[in-house]
Amino acid sequence: MSDALLLALVRDIFTDDATLSTLSIGPDRFGYVCEDEDRGLMQRWTEEQIRSVKVKSETAIPVGTYRVSKTWSPKYGRMMYLVHGVPGFAGIRIHSGNDDDDTSGCLLPGLTRDPAKMMVFRSREAVLRLEAVLDQAEADGSEIWIAIIRDGVAWDEYRAGL
């Protein structure tokens, strides 16, 4: 088995509806991600703590590190990448979409973004490119992990404005 592939998602733009992030594959910038609102959840929290803050279908997954692999999605009827072991969440996928209306906690990659509109663009192309990299990693026997973190300065500024 070769080394693990690490994706780094750094949340850097926050609103009360959506979150935008930069996405890197190893040391290389890949693109961007749109998610639902970051409500401050942490992977280390208990299920009870998460349930007390989470708003169903309107909350970004907790900050933390998660394994990712391709599995069958009954909802979409095809093989898709799943983010495993997200406390308080189920069925978190990586799929195309442009804004928080297109997600219920899932990660929406894009190659460009518009912070003013809180949207990502060229999402289908981004998913195809990302899946090609992840498919190759799986074929090489690598585990895939995603680290989801917040840009501390941007998060502090957002929280101060609430």
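The label point for Ser24 and the one for Glu125, both projected 7 Å from the Cα toward the Cβ, are 2.3 nm apart.
In a fully extended conformation the segment linking Ala154 and Ser57 would gain 32.6 nm over its present Cα-Cα distance, using 0.36 nm per residue.
Seen from Pro87, the other residues with C-beta closer than 14 Å to its C-beta sum to a net charge of +3, counting Lys and Arg as +1 and Asp and Glu as -1.
Each peptide in 64-75, 8-19 was scored by the mean count of other Cβ atoms within 10 Å over its residues; highest first, the order is 8-19, 64-75. Subtracting the Cα-Cα distance of Met42 and Thr15 from 0.36 nm times their residue separation leaves 7.9 nm of extension gain. Residues whose amide H falls under 5 Å from that of Gly31, counting only those 5 or more places apart or on a different chain, are Leu23, with hydrogens built in the peptide plane.
Working from label points 7 Å from Cα in the Cα-to-Cβ sense, the Val133 to Gln49 distance is 3.1 nm. The charge dipole of the chain, taken about its Cα centre with unit charges on the Cβ atoms of Lys, Arg (+1), Asp and Glu (-1) only, comes to about 300 debye. Antiparallel as a % of all DSSP beta bridges within segment 5-161, to the nearest 5? Antiparallel bridges make up about 80 percent of those DSSP assigns within segment 5-161. Over the chain, Cα pairs under 8 Å with separation of 6+ residues give a relative contact order of 29 percent.
What does the charge count near Val68 come to, summing +1 for each Lys or Arg and -1 for each Asp or Glu among other residues with Cβ under 13 Å from its Cβ? In short, -1.
If you run the Gaussian network model on the chain, springs between alpha carbon atoms under 10 Å, then out of Asp101, Asp28, Asp135 the most flexible one is Asp28.
Choose one answer from Ala137, Ala116, Ala90: the residue with the largest mean-square fluctuation in a GNM of the chain with alpha-carbon springs under 10 Å. Of Ala137, Ala116, Ala90, the most mobile in the Gaussian network model is Ala116. With a cut-off of 14 Å between beta carbons, the residues surrounding Glu138 carry a summed charge of -3, where Lys and Arg count +1 and Asp and Glu -1.
Applied to segment 113-124, the Karplus parametrisation 6.51 cos²θ - 1.76 cosθ + 1.60 on θ = phi - 60° returns per-residue 3J(HN,Hα) values of 8, 10, x, 5, 9, 6, 9, 10, 10, 6, 6, 4 Hz, with x for Gly and Pro.
Each reported figure results from applying straightforward, stated rules to the coordinates on display, with no laboratory input. Computed from a prediction, not measured in an experiment: that's the story for all the values here. Note: ideal-geometry Cβ built from the backbone for every residue, glycine included; neighbour counts use all protein chains shown.
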